[in-house]
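Everything on this sheet refers to the single structure shown next.
The values are calculated or read from the model by the stated rules, or taken from the named source; none is laboratory data. All values reported here derive from a predicted model rather than from experimental measurement. Here Cβ is always computed from backbone atoms with ideal geometry, including for glycine, and neighbour counts include all displayed protein chains. Remember, those area values only see protein heavy atoms, side chains included, never the ligands or the DNA or RNA. Shrake-Rupley method; radii C 1.70, N 1.55, O 1.52, S 1.80 Å.
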Amino acid sequence: MNSPARLPRAPAPERRWELVSGRSRSADGQFVYAVRTTGIYCRPSCSARRPLRDNVEFYETPALARAAGYRACLRCHPDAAMSSGSELIRVLCAHLDACPDASLAELAKLAQKSPSHTHREFKRATGLTPGQYAREVRSQKLRAELSRGSPVARAGYAAGYGSSSRLYTSPSGALGMEPSRYKRGAEAITIRFATCPTSLGELLLGRTERGVCAVSLGEDPRDLERELAREFPKAELIRDDDALKQELTLIVAFVASEAALPDLPLDLRGSLFQKRVWNLLRQIPAGQTATYAELAEKLGQPTAARAVARACATNPVALLVPCHRVIRSSGELAGYRYGLSRKKALLEREAERASASDRSDLKGRAAQLKRPSRGRS
Ligand SMILES: [Zn+2]
(Lines give C-alpha, C1' and ligand atoms only; values in the text may rest on other atoms or scores of the structure.)
Protein backbone atom coordinates (compact mmCIF):
# COMPACT_ATOMS: atom_id res chain seq x y z
CA MET A 1 0.00 0.00 0.00
CA ASN A 2 1.51 3.32 -0.96
CA SER A 3 -0.44 5.53 1.40
CA PRO A 4 0.20 4.97 5.09
CA ALA A 5 -2.70 7.26 5.88
CA ARG A 6 -5.30 4.95 4.43
CA LEU A 7 -6.53 3.11 7.49
CA PRO A 8 -9.92 1.47 7.18
CA ARG A 9 -12.43 2.69 9.73
CA ALA A 10 -13.78 -0.04 11.97
CA PRO A 11 -15.83 -1.63 9.20
CA ALA A 12 -18.76 -3.90 9.60
CA PRO A 13 -18.51 -5.54 6.18
CA GLU A 14 -21.19 -8.12 6.82
CA ARG A 15 -23.65 -5.43 7.81
CA ARG A 16 -22.72 -3.56 4.66
CA TRP A 17 -23.28 -6.63 2.58
CA GLU A 18 -26.74 -6.97 4.11
CA LEU A 19 -27.49 -3.37 3.17
CA VAL A 20 -26.26 -3.96 -0.37
CA SER A 21 -28.26 -7.19 -0.66
CA GLY A 22 -31.34 -5.32 0.52
CA ARG A 23 -30.66 -2.41 -1.88
CA SER A 24 -30.95 -0.10 1.11
CA ARG A 25 -31.57 3.50 0.09
CA SER A 26 -30.76 4.78 3.55
CA ALA A 27 -27.26 3.35 3.17
CA ASP A 28 -26.60 5.51 0.10
CA GLY A 29 -23.86 7.99 0.85
CA GLN A 30 -22.56 5.93 3.77
CA PHE A 31 -20.23 3.81 1.66
CA VAL A 32 -19.93 2.37 -1.81
CA TYR A 33 -19.35 -1.21 -2.89
CA ALA A 34 -16.97 -2.13 -5.66
CA VAL A 35 -17.05 -5.25 -7.79
CA ARG A 36 -13.69 -6.80 -8.61
CA THR A 37 -14.90 -8.61 -11.71
CA THR A 38 -16.35 -5.50 -13.38
CA GLY A 39 -14.09 -2.78 -11.93
CA ILE A 40 -17.15 -0.68 -11.10
CA TYR A 41 -18.35 0.83 -7.84
CA CYS A 42 -21.98 1.46 -6.90
CA ARG A 43 -24.12 2.98 -4.21
CA PRO A 44 -25.78 0.35 -1.96
CA SER A 45 -29.19 0.83 -3.57
CA CYS A 46 -28.01 0.32 -7.16
CA SER A 47 -30.51 -1.69 -9.18
CA ALA A 48 -27.77 -3.73 -10.89
CA ARG A 49 -27.73 -7.47 -10.36
CA ARG A 50 -25.91 -8.41 -7.14
CA PRO A 51 -22.40 -9.78 -7.59
CA LEU A 52 -21.01 -12.68 -5.60
CA ARG A 53 -20.06 -11.63 -2.09
CA ASP A 54 -16.48 -12.77 -2.66
CA ASN A 55 -16.04 -10.28 -5.49
CA VAL A 56 -17.15 -7.27 -3.43
CA GLU A 57 -15.06 -4.66 -1.65
CA PHE A 58 -16.39 -1.75 0.40
CA TYR A 59 -15.08 1.79 0.43
CA GLU A 60 -15.94 4.64 2.76
CA THR A 61 -16.15 7.13 -0.06
CA PRO A 62 -16.29 7.16 -3.86
CA ALA A 63 -12.87 8.82 -3.90
CA LEU A 64 -11.33 5.85 -2.12
CA ALA A 65 -12.91 3.45 -4.59
CA ARG A 66 -11.54 5.53 -7.45
CA ALA A 67 -8.12 5.60 -5.81
CA ALA A 68 -8.25 1.81 -5.77
CA GLY A 69 -8.81 1.84 -9.52
CA TYR A 70 -12.60 1.47 -9.77
CA ARG A 71 -14.93 3.45 -12.04
CA ALA A 72 -18.30 4.95 -11.05
CA CYS A 73 -21.38 3.00 -12.12
CA LEU A 74 -23.30 4.81 -14.87
CA ARG A 75 -26.62 3.45 -13.65
CA CYS A 76 -26.63 4.58 -9.99
CA HIS A 77 -24.17 7.53 -10.09
CA PRO A 78 -22.60 6.78 -6.72
CA ASP A 79 -20.75 10.13 -6.65
CA ALA A 80 -24.05 12.01 -6.56
CA ALA A 81 -25.36 10.06 -3.59
CA MET A 82 -23.86 12.60 -1.26
CA SER A 83 -25.26 15.73 -2.75
CA SER A 84 -27.35 16.68 0.29
CA GLY A 85 -25.58 18.86 2.83
CA SER A 86 -25.35 16.64 5.89
CA GLU A 87 -24.58 13.61 3.76
CA LEU A 88 -21.77 15.55 2.20
CA ILE A 89 -20.27 16.51 5.55
CA ARG A 90 -20.46 12.91 6.68
CA VAL A 91 -18.69 11.76 3.56
CA LEU A 92 -16.01 14.42 3.93
CA CYS A 93 -15.48 13.38 7.55
CA ALA A 94 -15.28 9.73 6.55
CA HIS A 95 -12.76 10.64 3.88
CA LEU A 96 -10.63 12.55 6.39
CA ASP A 97 -10.95 9.70 8.90
CA ALA A 98 -9.44 7.43 6.30
CA CYS A 99 -7.05 9.94 4.73
CA PRO A 100 -6.14 12.73 7.14
CA ASP A 101 -3.61 13.93 4.56
CA ALA A 102 -6.34 14.83 2.05
CA SER A 103 -5.94 18.37 0.73
CA LEU A 104 -8.71 20.93 0.63
CA ALA A 105 -8.61 20.69 -3.16
CA GLU A 106 -9.23 16.95 -2.90
CA LEU A 107 -12.15 17.49 -0.52
CA ALA A 108 -13.60 20.17 -2.78
CA LYS A 109 -13.42 17.81 -5.72
CA LEU A 110 -15.19 15.18 -3.67
CA ALA A 111 -17.84 17.71 -2.70
CA GLN A 112 -18.10 19.05 -6.25
CA LYS A 113 -17.95 22.54 -4.74
CA SER A 114 -15.32 25.26 -4.65
CA PRO A 115 -12.58 24.92 -2.02
CA SER A 116 -13.81 27.99 -0.13
CA HIS A 117 -17.41 26.75 -0.13
CA THR A 118 -16.28 23.32 1.07
CA HIS A 119 -14.15 24.85 3.80
CA ARG A 120 -16.99 27.10 4.98
CA GLU A 121 -19.64 24.37 4.97
CA PHE A 122 -17.37 21.97 6.80
CA LYS A 123 -16.56 24.53 9.47
CA ARG A 124 -20.22 25.44 9.86
CA ALA A 125 -21.28 21.82 10.28
CA THR A 126 -18.49 20.51 12.45
CA GLY A 127 -17.10 23.58 14.19
CA LEU A 128 -13.66 22.59 12.89
CA THR A 129 -11.84 23.42 9.70
CA PRO A 130 -10.93 20.38 7.59
CA GLY A 131 -7.31 20.90 8.65
CA GLN A 132 -8.20 20.94 12.35
CA TYR A 133 -10.39 17.90 11.87
CA ALA A 134 -7.56 16.03 10.15
CA ARG A 135 -5.16 16.94 12.95
CA GLU A 136 -7.66 15.56 15.45
CA VAL A 137 -7.98 12.34 13.48
CA ARG A 138 -4.22 11.86 13.41
CA SER A 139 -3.78 12.69 17.04
CA GLN A 140 -6.56 10.29 18.07
CA LYS A 141 -5.02 7.52 16.00
CA LEU A 142 -1.63 8.26 17.47
CA ARG A 143 -2.98 8.10 21.02
CA ALA A 144 -4.71 4.83 20.27
CA GLU A 145 -1.56 3.33 18.72
CA LEU A 146 0.67 4.47 21.56
CA SER A 147 -1.64 3.19 24.24
CA ARG A 148 -1.71 -0.14 22.39
CA GLY A 149 2.03 -0.22 22.95
CA SER A 150 3.26 0.47 19.40
CA PRO A 151 6.73 1.99 19.10
CA VAL A 152 6.59 5.75 18.61
CA ALA A 153 7.83 5.76 15.02
CA ARG A 154 5.42 3.06 13.90
CA ALA A 155 2.51 4.64 15.76
CA GLY A 156 3.23 7.95 14.04
CA TYR A 157 3.39 6.29 10.66
CA ALA A 158 0.16 4.38 11.24
CA ALA A 159 -1.57 7.56 12.36
CA GLY A 160 -0.71 9.28 9.10
CA TYR A 161 2.27 11.39 10.14
CA GLY A 162 4.38 10.82 7.05
CA SER A 163 7.64 10.97 8.97
CA SER A 164 8.10 10.79 12.69
CA SER A 165 9.77 14.21 12.60
CA ARG A 166 6.32 15.67 12.01
CA LEU A 167 5.32 14.35 15.41
CA TYR A 168 7.78 16.72 16.99
CA THR A 169 7.64 19.78 14.78
CA SER A 170 4.45 21.28 16.13
CA PRO A 171 4.63 21.49 19.91
CA SER A 172 0.93 22.11 20.42
CA GLY A 173 0.16 19.56 17.73
CA ALA A 174 -0.28 15.87 18.04
CA LEU A 175 -0.29 15.25 21.75
CA GLY A 176 0.62 18.55 23.35
CA MET A 177 3.80 16.83 24.47
CA GLU A 178 6.54 14.61 23.14
CA PRO A 179 5.19 11.21 22.07
CA SER A 180 7.76 9.37 24.14
CA ARG A 181 6.69 11.28 27.21
CA TYR A 182 3.07 10.50 26.39
CA LYS A 183 3.96 6.85 26.01
CA ARG A 184 5.63 6.78 29.42
CA GLY A 185 2.19 7.35 30.82
CA ALA A 186 2.72 11.06 31.01
CA GLU A 187 -0.98 11.69 30.80
CA ALA A 188 0.24 12.94 34.16
CA ILE A 189 -0.70 16.52 33.44
CA THR A 190 -0.84 19.21 36.07
CA ILE A 191 -4.25 20.68 36.77
CA ARG A 192 -4.63 23.82 38.83
CA PHE A 193 -8.07 24.12 40.31
CA ALA A 194 -10.17 26.29 42.57
CA THR A 195 -13.72 26.33 43.85
CA CYS A 196 -15.99 29.20 44.72
CA PRO A 197 -19.66 29.83 45.53
CA THR A 198 -22.02 31.06 42.81
CA SER A 199 -25.72 31.85 42.75
CA LEU A 200 -26.27 28.28 41.54
CA GLY A 201 -24.14 26.52 44.13
CA GLU A 202 -20.48 25.69 44.35
CA LEU A 203 -18.39 25.80 41.21
CA LEU A 204 -15.09 24.10 40.47
CA LEU A 205 -12.77 25.21 37.71
CA GLY A 206 -9.68 23.29 36.61
CA ARG A 207 -7.06 24.41 34.12
CA THR A 208 -4.04 22.82 32.47
CA GLU A 209 -1.32 24.88 30.83
CA ARG A 210 -3.35 24.70 27.61
CA GLY A 211 -6.72 25.84 28.90
CA VAL A 212 -9.75 25.10 31.05
CA CYS A 213 -10.25 21.34 31.30
CA ALA A 214 -12.97 21.11 33.96
CA VAL A 215 -15.94 23.14 35.16
CA SER A 216 -18.53 21.56 37.43
CA LEU A 217 -21.33 22.63 39.72
CA GLY A 218 -22.53 21.07 42.96
CA GLU A 219 -23.40 21.48 46.59
CA ASP A 220 -20.14 20.62 48.29
CA PRO A 221 -16.72 21.77 47.04
CA ARG A 222 -15.11 18.63 48.45
CA ASP A 223 -17.39 16.46 46.29
CA LEU A 224 -16.41 18.49 43.24
CA GLU A 225 -12.75 18.00 44.07
CA ARG A 226 -13.21 14.24 44.46
CA GLU A 227 -15.04 14.15 41.13
CA LEU A 228 -12.13 15.98 39.47
CA ALA A 229 -9.67 13.42 40.83
CA ARG A 230 -11.86 10.61 39.47
CA GLU A 231 -11.96 12.18 36.02
CA PHE A 232 -8.23 12.80 35.84
CA PRO A 233 -6.80 9.88 37.81
CA LYS A 234 -3.22 10.41 36.62
CA ALA A 235 -3.15 14.19 36.88
CA GLU A 236 -1.38 16.14 39.56
CA LEU A 237 -4.03 18.35 41.15
CA ILE A 238 -2.92 21.62 42.69
CA ARG A 239 -5.32 23.94 44.47
CA ASP A 240 -4.50 27.46 43.27
CA ASP A 241 -7.15 30.07 44.03
CA ASP A 242 -4.95 33.01 43.08
CA ALA A 243 -4.02 31.73 39.64
CA LEU A 244 -7.66 31.12 38.74
CA LYS A 245 -9.20 34.22 40.27
CA GLN A 246 -9.82 35.95 36.96
CA GLU A 247 -11.49 32.98 35.28
CA LEU A 248 -13.65 32.36 38.33
CA THR A 249 -14.78 35.99 38.47
CA LEU A 250 -15.84 35.86 34.83
CA ILE A 251 -17.79 32.65 35.24
CA VAL A 252 -19.47 33.73 38.47
CA ALA A 253 -20.62 36.90 36.72
CA PHE A 254 -22.02 34.79 33.89
CA VAL A 255 -23.90 32.50 36.27
CA ALA A 256 -25.36 35.56 38.00
CA SER A 257 -26.51 36.76 34.57
CA GLU A 258 -24.35 39.87 34.88
CA ALA A 259 -22.10 39.11 31.94
CA ALA A 260 -21.95 37.05 28.78
CA LEU A 261 -20.26 33.69 28.72
CA PRO A 262 -16.50 34.35 28.75
CA ASP A 263 -14.49 33.00 25.84
CA LEU A 264 -11.70 31.17 27.67
CA PRO A 265 -9.17 28.83 26.05
CA LEU A 266 -10.23 25.22 26.60
CA ASP A 267 -8.32 21.97 26.89
CA LEU A 268 -10.92 19.37 25.98
CA ARG A 269 -10.06 15.71 26.15
CA GLY A 270 -12.36 13.22 24.51
CA SER A 271 -13.01 11.23 21.39
CA LEU A 272 -13.22 12.97 18.06
CA PHE A 273 -16.98 12.56 18.07
CA GLN A 274 -17.25 14.11 21.54
CA LYS A 275 -15.09 17.02 20.49
CA ARG A 276 -17.21 17.62 17.43
CA VAL A 277 -20.35 17.69 19.57
CA TRP A 278 -18.75 19.98 22.14
CA ASN A 279 -17.64 22.33 19.37
CA LEU A 280 -21.18 22.48 18.02
CA LEU A 281 -22.55 23.24 21.48
CA ARG A 282 -20.34 26.30 21.59
CA GLN A 283 -22.07 27.60 18.48
CA ILE A 284 -25.54 27.68 20.05
CA PRO A 285 -26.15 31.34 20.89
CA ALA A 286 -27.03 32.29 24.46
CA GLY A 287 -30.79 32.49 24.94
CA GLN A 288 -31.39 29.78 22.37
CA THR A 289 -31.59 26.02 22.52
CA ALA A 290 -30.98 23.16 20.11
CA THR A 291 -32.24 19.59 20.22
CA TYR A 292 -30.11 16.44 20.20
CA ALA A 293 -31.63 15.56 16.83
CA GLU A 294 -30.72 18.94 15.34
CA LEU A 295 -27.14 18.58 16.48
CA ALA A 296 -26.95 15.07 15.07
CA GLU A 297 -28.27 16.41 11.77
CA LYS A 298 -25.65 19.17 11.77
CA LEU A 299 -22.93 16.62 12.38
CA GLY A 300 -24.07 14.81 9.27
CA GLN A 301 -25.19 11.82 11.35
CA PRO A 302 -28.95 12.25 11.64
CA THR A 303 -29.39 8.89 13.38
CA ALA A 304 -26.84 9.70 16.10
CA ALA A 305 -29.08 11.73 18.42
CA ARG A 306 -28.46 9.33 21.30
CA ALA A 307 -24.70 9.46 20.82
CA VAL A 308 -24.99 13.25 20.82
CA ALA A 309 -26.91 13.08 24.10
CA ARG A 310 -24.15 10.92 25.58
CA ALA A 311 -21.50 13.37 24.41
CA CYS A 312 -23.46 16.19 26.07
CA ALA A 313 -23.73 14.20 29.29
CA THR A 314 -19.97 13.64 29.35
CA ASN A 315 -19.07 17.27 28.69
CA PRO A 316 -16.24 17.97 31.16
CA VAL A 317 -16.53 21.74 30.98
CA ALA A 318 -19.98 22.85 32.10
CA LEU A 319 -21.17 26.34 31.12
CA LEU A 320 -18.20 27.12 28.81
CA VAL A 321 -19.32 24.23 26.62
CA PRO A 322 -22.99 25.08 27.05
CA CYS A 323 -24.54 21.62 27.11
CA HIS A 324 -27.36 23.20 29.13
CA ARG A 325 -28.61 24.68 25.84
CA VAL A 326 -29.59 21.28 24.47
CA ILE A 327 -33.10 19.97 24.97
CA ARG A 328 -35.26 17.12 23.69
CA SER A 329 -37.18 17.47 20.44
CA SER A 330 -40.37 17.39 22.53
CA GLY A 331 -39.23 20.61 24.21
CA GLU A 332 -38.52 18.81 27.48
CA LEU A 333 -35.34 19.96 29.16
CA ALA A 334 -34.01 16.37 29.41
CA GLY A 335 -31.29 15.74 31.94
CA TYR A 336 -28.38 17.78 33.18
CA ARG A 337 -25.40 16.33 34.94
CA TYR A 338 -25.48 19.17 37.46
CA GLY A 339 -29.19 19.08 38.18
CA LEU A 340 -32.27 19.96 36.21
CA SER A 341 -33.07 22.98 38.37
CA ARG A 342 -29.68 24.48 37.50
CA LYS A 343 -30.27 23.87 33.80
CA LYS A 344 -33.67 25.51 34.03
CA ALA A 345 -32.25 28.51 35.88
CA LEU A 346 -29.42 28.93 33.38
CA LEU A 347 -31.79 28.80 30.40
CA GLU A 348 -34.18 31.28 32.01
CA ARG A 349 -31.38 33.69 32.84
CA GLU A 350 -29.93 33.47 29.35
CA ALA A 351 -33.32 33.95 27.73
CA GLU A 352 -33.96 37.01 29.88
CA ARG A 353 -30.60 38.50 29.10
CA ALA A 354 -31.03 37.85 25.40
CA SER A 355 -34.48 39.45 25.27
CA ALA A 356 -33.24 42.39 27.36
CA SER A 357 -30.48 43.01 24.85
CA ASP A 358 -33.02 42.62 22.02
CA ARG A 359 -35.14 45.27 23.68
CA SER A 360 -32.24 47.66 23.99
CA ASP A 361 -31.48 46.96 20.33
CA LEU A 362 -35.05 47.87 19.48
CA LYS A 363 -34.83 51.02 21.58
CA GLY A 364 -31.66 51.96 19.77
CA ARG A 365 -33.34 51.41 16.43
CA ALA A 366 -36.47 53.29 17.53
CA ALA A 367 -34.32 56.23 18.58
CA GLN A 368 -32.68 56.20 15.18
CA LEU A 369 -36.06 56.23 13.48
CA LYS A 370 -37.25 59.17 15.55
CA ARG A 371 -34.32 61.27 14.42
CA PRO A 372 -35.19 63.62 11.54
CA SER A 373 -35.03 61.46 8.46
CA ARG A 374 -32.87 63.76 6.46
CA GLY A 375 -31.44 62.17 3.37
CA ARG A 376 -33.78 59.20 3.52
CA SER A 377 -35.87 58.43 0.56
ZN1 LIG B 1 -24.56 0.97 -9.81
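Brief remarks follow.
- Take the Cα of Ser116, step 7 Å toward its Cβ, do the same at Ser271, and the gap between the two points is 3.7 nm.
- Efficiency of FRET from Cβ geometry, Thr190 and Arg230, R₀ 22 Å, rounded to 0.05: 0.80
- Of the solvent-accessible surface of segment 190-255, computed with a 1.4 Å probe over protein heavy atoms with every protein chain present, carbon and sulfur atoms account for 48 percent.
- Listed values for segment 33-43 are Karplus-derived 3J(HN,Hα) couplings in whole Hz (6.51 cos²θ - 1.76 cosθ + 1.60, θ = phi - 60°), namely 10, 10, 10, 4, 6, 9, x, 10, 10, 9, 6, and x replaces Gly and Pro.
- Bridge type composition, segment 13-110 - antiparallel percent by DSSP, nearest 5: 70 percent
- Per residue, in Å², the accessible surface of segment 13-110 once ligands and nucleic acids are set aside, probe 1.4 Å: 46 Å²
- Segment 268-354 - percent of accessible surface contributed by carbon and sulfur, probe 1.4 Å: 52 percent
- The distance between label points at Asp101 and Lys123 comes to 2.6 nm (points 7 Å beyond Cα on the Cα→Cβ vector).
- Protection proxy ranking of 323-333, 53-63 - average other beta-carbon atoms within 10 Å, highest first: 53-63, 323-333
- Spatial offset of segment 17-60 relative to segment 204-240 amounts to 49 Å, using the alpha carbon center of each.
- Global form of segment 268-354, assessed from the alpha-carbon gyration tensor, a/c cut-off 1.5: prolate
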